[in-house]
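A.B. asks: Quick one: structure below, then a few questions.
The values are calculated or read from the model by the stated rules, or taken from the named source; none is laboratory data. From a predicted model like this one, the values you see are computed outputs, not experimental measurements. Note: ideal-geometry Cβ built from the backbone for every residue, glycine included; neighbour counts use all protein chains shown. Heads up: the accessible areas ignore ligands, DNA and RNA and are worked out on the full protein's heavy atoms, side chains in. Shrake-Rupley method; radii C 1.70, N 1.55, O 1.52, S 1.80 Å.
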Amino acid sequence: MPRIISLISSATEIIYALGQTPSQVGRSHECDFPADIATLPVCTKPTIDIYADSREIDRSVKDRVRNALSVYEVFDDVLERLQPTHIITQTQCEVCAVSLRDVERSVAAWLASQPKIVSLTPNSLADVWDDIRRVAGAIGIAEHGETVVAALQARMCAISEKARAARERPRVALIEWIEPLMATGNWMPELVEMAGGVNLLGERDKHSGYLSWEEIAASDPDVIIVCPCGFDMARTESEMYWLTKRPDWRTMRAVRDGRVFLADGNQYFNRPGPRLVETLQILGEILHPRVFAPALDGAGWRRL
């Protein structure tokens with residue numbers, strides 16, 4: 001039986017979707033779904049103050065990356081005690097989760113269990129499906145991985161067909177970081193399109209990029225969704241002053257029409273795993289309220 005350590009929350013959810021949670025023996029400090037995963041030993045910690053405001057977090061991350069320092073620390077003693085057969089990490093973003101470099105630096109060749117390091121690279125929605133297959137293949141259940149991927153894709157197709165049947169095609173601004181401003185990239189522009197919307201900011205299959213307030217104002221979106229990476233809705237609301245205090249905030253179409261929404265960027269939008277299906281459902285509920293019942297209102301999103 002494999003002994004799996006997941007050092008990224010999306011991988012923990014992939015393990016769960018594959019029915020392999022009983023084989024997971026360790027987790028990162030960010031892994032929080034499913035809920036009973038909290039009983040597993042924690043193998044990492046952040047090296048910055050994650051409770052600081054958006055501007056300070058951005059500054060701290062840039063300082064550490066500029067000086068070739070990791071944003072996370074891996075607990076070598078915990079890895080040694082757990083003796084994993086598999087360690088799952090990622091190379092997509094060294095800010096979002098423990099990187100392959102961090103793991104290789106910690107593990108090197110000294111662990112007696114000689115674990116297989118499985119590195120995920122979710123730059124696009126297609127990559128997310130490939131990552132599920134990669135994890136399944138690494139632990140010897142490749143065929144089951146294909147079944148899980150097919151089921152998730154079928155659920156997404158059903159949501160997308162329902163959304164695209166709506167007449168409206170709202171123009172959407174998705175904001176992934178508040179100060180400084182960043183637009184969502186990677187898989188999110190594709191999900192907006194699948195949800196029957198028009199993505200205005202950020203590029204499909206590319207990392208999220210910085211943008212100016214003038215770019216958002218000029219795009220004058222029909223809908224604004226604020227979903228900072230790593231923030232839940234309460235944390236996001238506490239920092240909305242970075243946007244709402246701008247002199248021309250109230251002149252924007254989405255604000256005038258009451259179509260500004262907060263979404264759980266931590267659990268859904270910025271977590272490239274099986275619950276991107278729920279993220280697509282959230283987009284459908286926000287963009288097409290006459291078509292979708294608000295099943296995740298209050299849990300995954302709410303109106304500002």
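A.B. asks: Return only the number of the condition from (1) open to solvent by 20 Å² or more (accessible area, probe 1.4 Å); (2) closer than 28 Å to residue 122 by Cα that residue 225 does not satisfy.
C.D. replies: So the condition that residue 225 fails would be (1).
A.B. asks: Ok, one more. Identify, by number, the condition in (1) open to solvent by 30 Å² or more (accessible area, probe 1.4 Å); (2) out of contact with any helix residue (DSSP H, G or I) (no Cβ under 7 Å at 6 or more places or on another chain); (3) at pLDDT 95 or above that residue 190 doesn't meet.
C.D. replies: Every condition holds for residue 190 apart from (2).
A.B. asks: Then there is this: Tell me which residues, restricted to the range 205-250, are among the acidic types (Asp, Glu) and modelled with pLDDT of 95 or more.
C.D. replies: 220, 222, 232, 237, 239
A.B. asks: So the check is Cβ under 7 Å with 6+ separation or different chains; which pairs have a first residue in the range 237-250 that's farther than 16 Å from residue 223 by Cβ and a second one that's open to solvent by 50 Å² or more (accessible area, probe 1.4 Å) and in a loop (DSSP other than H, G, I, E, B)?
C.D. replies: From the range 237-250, the pairs are 239/53.
A.B. asks: Now, a different point. Could you check the range 10-56 and list, in sequence order, the residues that are under 30 Å from residue 210 (Cα atoms), loosely packed, with under 15 Cβ neighbours inside 10 Å and among the polar types (S, T, N, Q)?
C.D. replies: The answer is 47, and nothing else.
A.B. asks: So how many residues does the range 254-298 have that are surrounded by fewer than 23 Cβ atoms within 10 Å (Cβ to Cβ), without any contact (Cβ under 8 Å) to a residue 24 or more places away in the chain and not basic (Lys, Arg)?
C.D. replies: Residues meeting the conditions: 9.
A.B. asks: So, one more: Would you please name the residue that is modelled with the lowest pLDDT, looking only at residues in the range 57-100 that are under 28 Å from residue 235 (Cα atoms) and of a type in the set (Ser, Thr, Tyr)?
C.D. replies: So, considering only residues that are under 28 Å from residue 235 (Cα atoms) and of a type in the set (Ser, Thr, Tyr), the one modelled with the lowest pLDDT is 99.
A.B. asks: Can you confirm whether residue 138 is of a type in the set (Gly, Ala, Ser) and at pLDDT 90 or above?
C.D. replies: Details: of a type in the set (Gly, Ala, Ser): yes; at pLDDT 90 or above: yes.
Against the criterion (of a type in the set (Gly, Ala, Ser) and at pLDDT 90 or above), residue 138 qualifies.
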